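Below is one structure, written out as structure tokens; comments come after it.
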Amino acid sequence: MSFKTFTRIRIFLLIIMVGLTSWAIVSGNAWIPVPVIIAAVILMMLLRRRVKEVVADERVYSIAEKASLVAFRIFGIAAAIIGVTLVAIGWQSASDLYKIGLTLAYSACGLLVIYYIAYIYYNRKYSGKK
Amino acid sequence: MARINNQIRRLRFDHGEMTQEELAHRAGCTRQTIIALEQGKYLPSIELAFKIARAFGVALEEVFQYEA
């Protein structure tokens, strides 16, 4: 399979996935997207193996690393600031704002924990320590 | 500022007008990476640099030159 065909199938699958998920949420069947997403991911992995050309190389991974770092920083900082602000605003009333703020703040904390675990792992892996 | 130049475009034409696609296939990377390398927008890893040199059958220094 050529990379062009793979890209076309990928876009087609993405459109089906988005459409089906939107329809499922609107119609109140929130569980439908779960098997659809899992099936799509498995299908993509199987199709990717059939592509004879190089799909991703070191430049693609390098771009992905930079993009991930930027996304991590933006989300981490934004979630922390907005989260703490919403918690402070909704502190007295225990309103939805408080719950949203708490979720965002914990998400930021969770992201930081995952980042540092991954950092320690890769630092050990590439530092020659055993 | 240190800079690494490359002779990929010239070497491609010296090797029977080898296409970017063919070089990418031989070096095991994408055509977009070859385009980025030729335009000097991307610096390859040592491994890819060796693969490109091997694809042309020349020494690494003939493809990449370091200018301090």
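The values are calculated or read from the model by the stated rules, or taken from the named source; none is laboratory data. Being a predicted model, the structure only gives us computed values, none of them experimental. Glycine also receives a Cβ, built like all others from the backbone with ideal geometry; neighbour counts cover every protein chain displayed.
For segment B:49-68, name all the residues that are among the basic types (Lys, Arg) and under 9 Å from the mean Cα position of the chain (by Cα). Within segment B:49-68, B:51 is the sole residue that qualifies.
Looking only at residues of segment A:111-130 that are within 23 Å of the chain's Cα centre (by Cα) and hydroxyl-bearing (Ser, Thr, Tyr), we find that the one that is surrounded by the most Cβ atoms within 10 Å (Cβ to Cβ) is A:115.
Residue check: residue B:32 meets all listed conditions (1) at pLDDT 95 or above; (2) outside any loop (DSSP other than H, G, I, E, B) but one, namely (1). No other residue among A:82, A:74 is exposed (fewer than 11 other Cβ atoms within 10 Å of the Cβ) and in a helix (DSSP H, G or I) apart from A:74.
For segment B:37-48: of the residues being within 24 Å of residue A:52 (Cβ to Cβ) and within 10 Å of the chain's Cα centre (by Cα), which is farthest from the other protein chains (Cβ to nearest Cβ)? Only one residue fits best here, namely B:38. Residue under question is residue B:21, and the condition is that it be part of a helix (DSSP H, G or I), at negative phi and in contact (Cβ under 8 Å) with a residue 40 or more places away in the chain; does it hold? It is false that residue B:21 is part of a helix (DSSP H, G or I), at negative phi and in contact (Cβ under 8 Å) with a residue 40 or more places away in the chain. Out of A:106, A:61, report the one residue that is hydroxyl-bearing (Ser, Thr, Tyr) and within 14 Å of chain B (Cβ to nearest Cβ). None of the others qualify; the one that does is A:61.
Scan segment A:26-64 for residues that are within 17 Å of residue B:25 (Cα to Cα) and exposed (fewer than 12 other Cβ atoms within 10 Å of the Cβ) and the total you get is 3. Does at least one position in segment B:6-26 carry a residue that is under 18 Å from residue A:59 (Cβ atoms) and in contact with a strand residue (DSSP E or B) (Cβ under 6 Å, 6 or more places away or on another chain)? Yes: segment B:6-26 contains one or more residues that are under 18 Å from residue A:59 (Cβ atoms) and in contact with a strand residue (DSSP E or B) (Cβ under 6 Å, 6 or more places away or on another chain).
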